[in-house]
Amino acid sequence: MNQEKIGKFIAMRRKEKNMTQSELAEKLGVTDKSIGNWENGRNMPDLSLFKPLCDELDITINELLSGEGLNKEQKQEKFEENIINTIDYSTKKITLIRKNLGIVLLILGILISFTAMTMFASESSWGSIYSVIGAIISLIGVSKLTKNYKYSKRLLICSIYFIFFLVSLFVIDYISVISLKQLPRFCTIKTGNEYVYECDNPIYTVYRVNSNTPNEYIIVDTKKEYNLDTIPVVPFNRSKSGIDNIVKYKNKYVGNNSNDGNLIGSLPLSEYGYVFKIDSNNLGLIIDYHITDWYINENYYLEKSIVYNSVSIFSLIDNVEYIKYNFSGKTYEVKRENVENNFPNYEKIVKNGINKDAFNKYLEQKVSDINFIDLCFNKFVS
């Protein structure tokens, strides 16, 4: 089917009928641009317009497809050829429509999935639901794009694509969990208690501790070593105040304002705002918190924080001799010698610089024990 020849024939017949492109376009219900594209051979009229166009130009469909006027002998000769060309043209049109629809569905499905991953909160089930819906829509798009393949090859491509898409969603979800410290969208179990919210999937488990409080933190358990009873639960933000984060501030000497400030800013009580100064002569840290001590003492939070902060600072800054915690209501002072002599297993925490396992075992895991905190507080805080 010679589009250029057909276009010139349409233009010639239109002019013979003394019609402008606009007049022909108006009669067929199309735009002037469409007529121009036909006559320039850029594309063909839609199949549904073949008969109306031929009626207006006073030609047969056979002549239109031949791109020329035909006598009786030529009509039969061209008829079969044009039938074959028309079938081929229709097939190509359908294939193009299917391809375009497949591309639209593929892109739409991807957009739905990844938009759902960002629009909905991680704990909302709608994020995972719409992500899977997007995966199915994009799979339909792939199916349409592979319509002409053999069934076995088509099934293989669609299966691989769908698996790859779902794996990509899980990977993106995992990256979000790790980087943004949020719950996973794809999990099979969501349970919890007063302090811990658990989300489980076949690869890892995520625990949200101190849920909906300023000290909420996330633990990603890839080794499946914890459960609701054994997960580390502390009243602080463990991601910020835990030894894995604060160990980078270990220093031999007090006086590095940046290092000391970052360490204090990572520890409990910093969420209320503070300023600090260094007593260079007596090797001390003086921290002024912008809050009254009794105001924050629900569930022994003040005592737990002072014990935790003191052991952390003394074990990480080697030459600090005392720490003074000033609140608008009261001042608490802790000396290194009192911590070294009275905090159980302190020597194991500072063995070989700092022992993370000992820190967690003898400080972190004990900090929720009110009796233990009360005993320590009374022994080395004045």
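Bear in mind that the values in this text are calculations on the coordinates, not laboratory data. Source: prediction; values computed, not measured. Glycine also receives a Cβ, built like all others from the backbone with ideal geometry; neighbour counts cover every protein chain displayed.
Here is how the numbers come out for the structure above:
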| read-out | value |
| --- | --- |
| Cut-off 10 Å between beta-carbons: net charge of the residues surrounding Asn341, Lys and Arg +1, Asp and Glu -1 | +1 |
| Dipole in debye (nearest 20) - the chain, about Cα centre, beta carbon charges: Lys, Arg +1; Asp, Glu -1 | 1180 |
| Within the chain, longest stretch free of exposed trypsin sites (Lys or Arg not before Pro) [DSSP loop, at most 13 other beta carbons within 10 Å] | 43-146 |
| Given charges at beta-carbon only (K, R positive; D, E negative), |dipole| of region 165-234 in Debye | 200 |
| Cα-based helix-to-principal-axis angle, 301-316 vs the chain, degrees rounded to 10 | 90 |
| Extension gain from Leu180 to Phe114, taking 0.36 nm per residue of separation minus the Cα-Cα distance | 22.1 nm |
| Crossing angle, helix 151-180 versus the chain [Cα axis fit, 0-90 degrees, rounded to tens] | 30 |
| Structure-derived semi-axes √(5λ) of the Cα gyration tensor in Å: which label, when the choices are (i) 43, 23, 19; (ii) 80, 22, 16; (iii) 35, 26, 21 | (ii) |
| Förster radius 41 Å - calculated FRET efficiency between Asn251 and Ile140, Cβ distance, rounded to 0.05 | 0.10 |
| Charge-dipole axis of region 239-380 as Lys and Arg at +1 and Asp and Glu at -1 on Cβ define it, positive-most pick from Ile373, Gly329, Val311 | Val311 |
| Among Asn245, Tyr174, Gly353 - extreme Cα towards positive end, dipole of the chain, charges at beta-carbon | Tyr174 |
| Förster-model FRET efficiency, 41 Å R0, Asn342 and Asn212, C-beta, rounded to 0.05 | 0.70 |
| Inter-probe distance in nm under a simple model that places probes 7 Å from Cα toward Cβ, at Leu228 and Leu156 | 4.7 |
| Magnitude of the charge dipole, region 257-376, Cβ model with Lys/Arg +1 and Asp/Glu -1, debye to 20 | 180 |
| Free-standing Cys, the chain [no other Cys Cβ under 4.7 Å] | Cys54, Cys158, Cys376 |
| Nearest 10 degrees, 0 to 90: helix 257-266 Cα axis against the chain principal axis | 80 |
